[in-house]
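These notes concern the structure reproduced below.
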Amino acid sequence: MGTSVQVTPLCGVYNENPLSYLVSIDGFNFLVDCGWNDHFDPSLLQPLSRVASTIDAVLLSHADTLHLGALPYAMKQLGLSAPVYSTEPVYRLGLLTMYDQYLSRKQVSEFDLFTLDDIDSAFQSVTRLTYSQNHHLSGKGEGIVIAPHVAGHLLGGTVWKITKDGEDVIYAVDFNHRKERHLNGTALGSFVRPAVLITDAYNALNNQPYRRQKDKEFGDILKKTLRAGGNVLLPVDTAGRVLELILLLESYWSDENLNYPIYFLTYVASSTIDYVKSFLEWMSDSIAKSFEKTRENIFLLKYVTLLINKTDLENSPEGPKVVLASMASLEAGFSHDIFVEWANDSKNLMLFTERGQFATLARMLQADPPPKAVKVVVSKRVPLVGEELIAYEEEQDRIKKEALKASLMKEEELKTSHGSDNNNSDPMVIDSGNNHVPPEVAGPRGGGYRDIFIDGFVPPSTSVAPMFPCYENTSEWDDFGEVINPDDYVIKDEDMNQIAMHGGGDINGKLDEGAASLILDTKPSKVVSDERTVQVKCLLVYMDFEGRSDGRSIKNILSHVAPLKLVLVHGSAEATEHLKQHCLKHVCPHVYAPQIDETIDVTSDLCAYKVQLSEKLMSNVLFKKLGDYEVAWVDAVVGKTESDTLSLLPVSEAAPPHKSVLVGDLKLADIKQFLSGKGVQVEFAGGALRCGEYVTLRKVGDATQKGGGSGAQQIVIEGPLCEDYYKIRDYLYSQFYLL
């Protein structure tokens, strides 16, 4: 049998809930994505809580709440302690996303599911990988290789490839085949015949208009609203699709010479853009080439102003404006407050660029027809005053006294255990209970600073006599002085990252003012709330800028990839069943759509054997370079070694001749580029490649045939036997390896 593979959905099947799935490969448990929604409902995590302690590794695919929002809570409360793997942008932008989520909720509620400390602690365990980097697991995961590949959709978005014994398990959700302003299209189409493909049905029923048409409609409705004197609110995520929208607005404002102000408002807006400026190598090829030529960073924004608190927006000049504010769900954050203020004006526009999460205010407003009024809860944090402040201070004093009393009792017990009762009257005996260092002195979350200063005498635990601190010097010395370990003086990267994160995530360690005021504000406060009915008179418009492949494209990609077994997750029940029936007819006969906590066995039906290549055989094999690989034709017989393992041995007699085999896969677009470089005039005509005046190259065969895309096709050379024919044939042969 092949590699054992089991898939168990923990959340996000037959609905649009967050994504979280358990994938077991030969007993090694991967948690693939660890998402939560903007309601932060702990009941969604019950299936995860039952298996969290058994997880061996966590793979994160995208830097938004739906894919990683539960990570801090799971590590703090559910016993999740496995190493985490992601790309660098997912790590950095995911961290900022969770900061923004926490700060947004802390302003309007007594949010206690996790803290900034918990976020930092969770992301400290993340190992960052680059695209196509093969990472070999060790220990229990020996023999398993994981590698992230381009997914599109969000910056750093990942299609995960998990390989064991030559069989591939591909996890590809929320991918986008289309190339965008700042992102390349997905690499999913480069995989052919994986053993298992896990993908989503979220967009299976949706088809998108052409990009130019969509961009034009987007700009036109903005311009119309602004010229009529209205404001535009775009509820957006913290550091995901908002990046594409910012570039779209920058381009449109430049082309149309508009001067209306645009504001990007989140608690971590400046940190987000600062990080994104350093991620050009993760973006589209066009951005990288443009930077190489002009040395201008596309995220040096000319028209978009970054804001990190609502006061700056209120102090901005009067007049029409565009505001991109988090959160996209309108459940919390600046977007919620701005909606309440602007919804009553018919001149204003509320423009949604992604479907709202289920049961959120954004989803309600996207209904058809939209509601004329909605009930919302408006909350804000205010400082304590009067009797409430006095009661709070008394309670804090009581807590401090109890803590001090407990510390004194503990110290007294310690002295008693060492027979120190007779020395209590000694004036030099210092109450060490006062020497406990508060956590904030030891450094901000995670121990970024290591030096601790203690004022006064410190009685050693093994002695009752007063004395100065004395430490035995056990250092080694040589002819040049004290022998040191250089590693003791190196500040680890994670410590530097930790310090930077406490600075609001800014590359230079600077703190966003809005975030800092919340983190550092120790004034006693409370949250006051009131429920209001908001009359929705503003214009509500939804345009799909989610950056996901649509239904037609998903079906074409799945037909090309042609997995042996297909698992469908994350999508409405209707979309899931629709895609399942399509794939059963056109993709593969083994299609699964499991329920929550339902474990399905998708172990490959292939019989795989491990064999050794004997030295006698390898000494006579001639390898030739083909791209990144070396290939050779081998004639051998299967035998056994002394240790009873299978081995390939040389044949005892001369092997019969075999037909010539051309090894390689070449696209007509690649051939066109190659021939153009050789001076041949080439152009596409009718799906074929016209070379010069007489010769035509075309691919024949079914590209979507089960059994693997390009392997079922042939390149045919058509034309009269002339000099050009033989020259182009030789050029074509040079791109393959003849066995």
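The values are calculated or read from the model by the stated rules, or taken from the named source; none is laboratory data. Just so it is clear, the model here is predicted, and its values are computed rather than measured. Because the Cβ atoms are built from the backbone with ideal geometry, glycine has one as well, and the counts that use them run over all protein chains shown. Protein only, heavy atoms only, side chains kept; ligands, DNA and RNA dropped before computing areas. Shrake-Rupley method; radii C 1.70, N 1.55, O 1.52, S 1.80 Å.
If the segment from Ser254 to Arg363 were pulled out straight at 0.36 nm per residue, it would be longer than the present Cα-Cα gap by 36.0 nm. Amide H contacts of Val236 (H built 1.01 Å from N, in plane; Pro and chain starts excluded): Ala325, Ser326, Ala328 sit under 5 Å, all sequence-distant by 5 or more or on other chains. Shown is the FRET efficiency for Lys293 and Leu384, computed with R0 = 60 Å from the Cβ-Cβ distance and rounded to the nearest 0.05: 0.55. When the inverse distances between all different Cα atoms of segment 222-353 are averaged and flipped, the Kirkwood radius reads 15.5 angstrom.
Each residue was assigned an accessible area with a 1.4 Å probe, and for Tyr14 the value is about 50 Å². Computed from point charges on the beta carbon alone (+1 for Lys and Arg, -1 for Asp and Glu), the dipole magnitude for segment 199-253 about its Cα centre is near 300 Debye. Of the residues Met98, Met618, the one with the largest accessible area comes first in the ranking Met618, Met98, computed with a 1.4 Å probe on protein heavy atoms. Set against the 2.2 N^0.38 Å expectation for a compact globular protein, segment 149-290 has a Cα radius of gyration ratio of 1.25. The listed residues Lys302, Lys216, once ranked by accessible area (1.4 Å probe) with the largest placed first, stand as Lys302, Lys216.
Each peptide in 279-285, 184-190, 27-33 gets a packing score, the mean of other Cβ atoms within 10 Å over its residues, and the list from highest to lowest is 27-33, 184-190, 279-285.
The equivalent ellipsoid that matches the C-alpha gyration tensor of segment 302-397 spans semi-axes of 32, 20, 13 angstrom, in descending order. Partner aspartates and glutamates whose Cα lies under 19 Å from the Cα of Lys372, excluding those fewer than 8 positions away in the same chain, are identified as Glu331, Asp337, Glu341, Asp345, Glu531. If R0 is taken as 41 Å, the Cβ-Cβ distance between Lys140 and Val621 corresponds to a FRET efficiency of 0.75.
Measuring only protein heavy atoms, the 1.4 Å probe finds Leu384 accessible over about 20 Å². The length gained by stretching the chain between Tyr609 and Gln46 to full extension, at 0.36 nm per residue less their Cα-Cα distance, is 198.7 nm.
Straight-line cross-link partners of Lys415 among the lysines, defined as a Cα under 26 Å from its Cα and at least 8 positions apart when in the same chain: Lys400, Lys401, Lys405.
Each residue of segment 97-109 was assigned a 3J(HN,Hα) from its phi angle through the Karplus curve 6.51 cos²θ - 1.76 cosθ + 1.60 (θ = phi - 60°); the sequence is 4, 6, 4, 5, 4, 5, 5, 5, 7, 5, 6, 10, 7 Hz, with glycine and proline shown as x. Computed extension length for Ser676-Ser660: 3.0 nm, one decimal, from 0.36 nm per residue of separation with the Cα-Cα distance subtracted. Of the listed residues Val84, Val638, the order by accessible area with a 1.4 Å probe, largest first, is Val638, Val84. The HN-Hα couplings worked out from phi for segment 573-584 by the Karplus form 6.51 cos²θ - 1.76 cosθ + 1.60 (θ = phi - 60°) are 4, 5, 5, 5, 5, 4, 5, 4, 5, 4, 5, 4 Hz, whole numbers, x standing for Gly and Pro.
Computed from the C-beta positions of Leu668 and Arg532 and an R0 of 45 Å, the FRET efficiency is 0.15 to the nearest 0.05.
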